[in-house]
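Before any comments, here is the structure.
None of the figures in this text is laboratory data; all of them are computed from the coordinates on show. What you see is a predicted model; the values in this text were computed from it and never measured.
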Ligand code: GDP
């Protein structure tokens, strides 16, 4: 098990006797522990650096209030800075999905193969249908993986969500256009477009995503990423954001052992919010993102 960061920092500061303002030396020692905790939580290195710089600026010279120890004080500064970078308290960046557009509102799901795109598409569709009483149409644009369209159809049947009928031989752009037309004619509120992934980011994938985007004009483009992505999270988020332009992130496998550092990394490099987290394989394992909870988890 990890020793919690709070315990480590208390250990450092308990050695200090005097109170008053935090000195640069005290803070630097604490920052080494903070850096270690962030790296253990899989936060990408450039993000660790910018984070510790911000904490240094806030902490050096800060007056230690009488009611807390210097260790508790630094933990609070670190926690507050994390929450701020993760999007602030409820009502901040990490809101839900934005459906504020003329129907049918298209939500495009993008990400690497195996990240949980299809599963998350089903989860969101289920939530919008059951909780929010929207009429949702799902369409799989994955013509590369033979079973992908069938997988979405099964999810639709399990969750009482309509899926676009499969037509053999159509490409992703044609399917996207057909989905939008079907949604218009059928009076759907939302169209969920589950796009194809690849094992790695490559040029054909980005071209395909741009073409689908142009065809469907989605109001939300959600990057689906595995919470265990680690140091690659920055490249992944940056590439999809620069090439396709994402509006938010859905982080899957938060039920695993990962500490959720990818949330901080991806949000820091794109400025786009983590909107939802996946917490299991089942269709109801979807939760809103709460920065405070992730901050606690990252700090251990
Ligand atoms: P895609 O290739 O991106 O469409 O990925 P899939 O949706 O097919 O998901 C790949 C695997 O990850 C499947 O076995 C899913 O059940 C699993 N999965 C997806 N989201 C989660 C999650 O939040 N937690 C867990 N434990 N497994 C998940």
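Annotations for the structure displayed:
- Relative contact order %, the chain, counting alpha carbon pairs below 8 Å whose residues are six or more apart: 25
- Across region 33-86, the fraction of Cα-Cα pairs farther apart than 12 Å, rounded to a whole number, is 66%.
- Fraction of antiparallel bridges per DSSP, the chain only, in percent to nearest 5: 15
- Helix-only [θ]222 nm of the chain, DSSP H runs n ≥ 4, -39500 (n - 2.57) each, per residue, nearest 500: -15000 deg cm²/dmol
- Restricted to Cα atoms, region 238-300 shows a radius of gyration and a Dmax of 11.9, 34 angstrom.
- At q = 0.10, 0.11 Å⁻¹ the log10 of I(q)/I(0) for region 177-298 amounts to -0.34, -0.41, computed by Debye summation with a single uniform scatterer per C-alpha, solvent ignored.
- Pairwise Cα inverse-distance average, inverted: Kirkwood Rh of region 208-253 (Å): 11.2
- Based on the Stokes-Einstein relation at 10 °C and a viscosity of 1.306 mPa s, and on the Kirkwood radius from alpha carbon pairs, region 229-273 is assigned a translational diffusion coefficient of 149 µm²/s.
- Gaussian network model of the chain, springs between alpha carbon atoms under 10 Å - residue of 201, 124, 221 with greatest fluctuation: 201
- Euclidean distance between Cα centres, region 50-74 to region 129-202, Å: 49
- Its convex hull of Cα atoms gives region 43-128 a direction-averaged projected area, equal to a quarter of the hull surface, of 9.1 nm².
- Derived from the Cα gyration tensor, the three semi-axes of the equivalent ellipsoid of the chain are 43, 17, 16 Å, largest first.
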